[in-house]
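Notes follow once the structure below has been shown.
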Amino acid sequence: MKDHPISQRRACVLIGVDPKTVRRERPLDNPEIREEMHKIAEKRRRFGYRRVGIMLERKGMIMNEKKL
């Protein structure tokens, strides 16, 4: 969709597909934050996602709770 100057909605109408069935691509996750999150989780196995999120914030890496 990014290669063409036509909107996603218009393209769906032209080919006869419901626009609700076609989703936009998700933006890529930040691999540095994911790697740091895995390091914290391996080191502190008893920490849940909230504590891991707090540890990331202390290191200056802010991440939405939905992504944790």
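Only the coordinates and a few stated rules stand behind these numbers; no lab work does. Since the structure is predicted, the reported quantities are computational estimates derived from the model, not experimental observations. We place every Cβ from the backbone using ideal geometry, glycine too, and count neighbours over all the protein chains shown.
Per residue of the chain, the DSSP helices (runs of n ≥ 4 H) give a summed -39500 (n - 2.57) that works out to -13500 deg cm²/dmol at 222 nm.
Note: relative contact order over the chain, using C-alpha pairs below 8 Å and six or more positions apart, is 19 percent.
For a quick check of your reading of the filter: which GluC sites (Glu not before Pro) in segment 1-62 sit in a DSSP loop and have no more than 10 other Cβ atoms within 10 Å?
On the way: sites: Glu25, Glu32, Glu35, Glu36, Glu42, Glu57; in loops: Glu25.
Within segment 1-62, the qualifying GluC sites (Glu not before Pro) (loop, at most 10 other Cβ atoms within 10 Å) are Glu25.
Placing +1 on the Cβ of every Lys and Arg and -1 on the Cβ of every Asp and Glu, with nothing else charged, gives the chain a dipole about its Cα centre of roughly 380 debye. Rounded to whole numbers, the Karplus 3J(HN,Hα) couplings from phi for segment 34-39 are 4, 5, 5, 4, 5, 4 Hz, using 6.51 cos²θ - 1.76 cosθ + 1.60 with θ = phi - 60°, and x at Gly and Pro. Sparse packing (at most 13 other Cβ atoms within 10 Å of the Cβ) combined with a DSSP loop state is found for the following trypsin sites (Lys or Arg not before Pro) in the chain: Lys2, Arg23, Arg24, Arg44, Arg45, Arg46, Lys59, Lys66, Lys67.
The stretch between Arg26 and Glu65, if pulled fully straight at 0.36 nm per residue, gains 12.4 nm over its current Cα-Cα span.
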